[in-house]
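Asker: One structure follows; several queries about it will come next.
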Amino acid sequence: MPELPEIETIKTGLASHIIDKIIINYEKKCKVLRQILSNNFDILLNARILSIMRRAKYLLINLDNSFTIVIHLGMSGSFTIQPANYSSQKHDHVIFYLDNQQQLVFNDPRRFGMIYLLPQEKLLDQQIFKALGPEPLTEQFNAGYLASKLAKRHKIIKNVIMDNNIVVGVGNIYASESLFRAKIHPLRPAYSLSHMEIIDLVLAIKNVLISSIAAGGTTLKDFINANSKPGYFQQELLIYNRAGKPCFICSNIIRKIILAGRGSYYCGYCQVI
Ligand SMILES: [Zn+2]
């Protein structure tokens, strides 16, 4: 599943290809992705692309006609730039044709992704964005903020940091990695974290995401090539998917438990319960 660092990398990779280009045509090959696609796509015709941004795991393509194309890649989506001679592949659901002959292609085998066309005015007040917590790499996500959210909360810390209403973009892998780096056991009740632990956790989340985005930069060329999928990172993971292997810090065996249906990894010695 594409996570925040992948989306950030896609955003950066696409920017130089699409900014200032005009959408001269589009093709909708299906009517329904996660939801029914809106029937106002004609708004796109002859619109110039001004910028591309990211909010949580949404890509926002701002047009000069006061609309924004909002794209979510769901579980299996990709959004790639393709050359003029590209021939459509299975699961290519929406194609935008640009005035430099290139094509922007949304492909999604499982169709959990979505494309919205929304007015820019009050865009972030729209239903899909309204409840989202702060971006993890902004100043708003700091220890004071997180402490206020953890206080009195009895849910386990791993599920809380994965809650998009608290902070966006901390997916399953990043949650396990951050908790390991901050030496916090994933089963701890959220309220039980000390202020020092919260400071460590905020830093760990930011560092894990920053290094993952940096790793993504090295795979940039992969996802703009024809037929490629977005780059999934070869970032070195310290704990995720290492059940039964020795901890890099203490050599004790890493354990796996299922939390909220997701594989969760921890070291029972390094991560204090
Ligand atoms: Zn350990």
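The values are calculated or read from the model by the stated rules, or taken from the named source; none is laboratory data. Bear in mind that the values here come from a model prediction, so they are computed numbers and not experimental data. Note that we place each Cβ from the backbone using ideal geometry, even for glycine, and neighbour counts take in every protein chain shown. What goes into the accessible areas is simple: the full protein's heavy atoms, side chains included, and nothing from ligands, DNA or RNA. Shrake-Rupley method; radii C 1.70, N 1.55, O 1.52, S 1.80 Å.
Asker: Once you order the gyration tensor axes a ≥ b ≥ c over the Cα atoms, which shape class does segment 4-130 get: rounded for a/c under 1.5, otherwise prolate or oblate by comparing a/b with b/c? Don't skip to the end; give the middle numbers.
Answerer: Working: a/c = 1.26, a/b = 1.08, b/c = 1.16.
Rounded, because the longest to shortest axis ratio a/c is under 1.5.
Asker: If you don't mind, another one. Evaluate the charge dipole of the chain about its Cα centre and quote only its size in Debye, nearest 20, assuming +1 on the Cβ of each Lys and Arg and -1 on the Cβ of each Asp and Glu. Intermediate results must be reported in sequence, preceding the final value.
Answerer: Working: 31 positive and 20 negative charges, 217 e Å.
Computed charge dipole of the chain: roughly 1040 debye.
Asker: Moving on. Can you compute the helix-only [θ] at 222 nm over the chain? Use -39500 (n - 2.57) per DSSP H run of at least 4 residues, normalise by all residues, nearest 500 deg cm²/dmol.
Answerer: -7500 deg cm²/dmol
Asker: Along the charge dipole of segment 4-130, Cβ charges K/R +1 and D/E -1, which of F112, A84, I24 sits furthest on the positive end?
Answerer: Working it through, the farthest residue towards the positive pole turns out to be F112.
Asker: For the chain, find the longest principal axis of its Cα atoms and tell me its angle to the long axis of helix 4-18, 0 to 90°, nearest 10.
Answerer: Relative to the chain, helix 4-18 is tipped by roughly 20 degrees.
Asker: Return a whole-number percent for the relative contact order of the chain, with Cα pairs under 8 Å and 6 or more residues apart as the contact set. Present the calculation step by step, with values, prior to reporting the outcome.
Answerer: Details: 532 pairs, mean separation 49.8, N = 273.
Reported relative contact order: 18 percent.
Asker: Round to the nearest 0.05 the FRET efficiency obtained for I24 and N165 when R0 = 35 Å and r is the Cβ-Cβ distance. Walk me through the numbers before you get to the answer.
Answerer: On the way: r = 39 Å, r/R0 = 1.13.
Plugging the Cβ-Cβ distance into 1/(1 + (r/R0)^6) gives 0.35.
Asker: Also, quick follow-up: Taking the alpha-carbon distance from K31 and a cut-off under 30 Å, which lysines remain once sequence neighbours fewer than 8 residues away in the same chain are dropped?
Answerer: Output for K31: K11, K21, K57, K90, K122, K130, K229.
Asker: Moving on. Just the number, please: carbon plus sulfur as a percent of the accessible area of the chain, 1.4 Å probe, no ligands or DNA/RNA counted.
Answerer: The C+S portion of the solvent-accessible surface of the chain is 53 percent.
Asker: As I understand it, the value is the acute angle between the Cα axis of helix 195-218 and the longest principal axis of the Cα atoms of the chain; what does it come to in degrees, rounded to 10?
Answerer: Orientation of helix 195-218: about 40 degrees from the principal axis.
Asker: Lys/Arg Cβ at +1, Asp/Glu Cβ at -1, dipole of the chain taken about the Cα centre: which of A131, F180, M53 is farthest positive-ward?
Answerer: F180
Asker: Order these peptides, 24-31, 203-210, by their mean beta-carbon neighbour count within 10 angstrom, highest first.
Answerer: 203-210, 24-31
Asker: Hand me the trypsin sites (Lys or Arg not before Pro) from segment 119-185 located in a DSSP loop with no more than 10 other Cβ atoms within 10 Å, in residue order please. Could the numbers behind the result be given before it?
Answerer: Details: sites: K122, K130, K149, K152, R153, K155, K158, R181, K183; in loops: K122, K152, R153, K155, K183.
For trypsin sites (Lys or Arg not before Pro) across segment 119-185 that sit outside H, G, I, E and B with at most 10 neighbouring Cβ atoms in 10 Å, the list reads K122, K152.
Asker: Turning to a different aspect of this structure: What is segment 99-204's relative contact order, in percent, from Cα pairs under 8 angstrom and six or more apart in sequence?
Answerer: Across segment 99-204, relative contact order equals 27 percent.
Asker: Suppose every K and R has +1 on its Cβ and every D and E has -1 on its Cβ; what is the size of the dipole of segment 4-130 about the Cα centre, in Debye to the nearest 20?
Answerer: Charge dipole, segment 4-130, about its Cα centre: 440 debye, nearest 20.
Asker: Spin-label point model (7 Å from Cα, Cβ direction): what's the E121 to A15 distance in nm?
Answerer: 2.9
Asker: Something else now. For the chain, what is the accessible area per residue in Å², given a 1.4 Å probe and the full set of protein chains?
Answerer: 46
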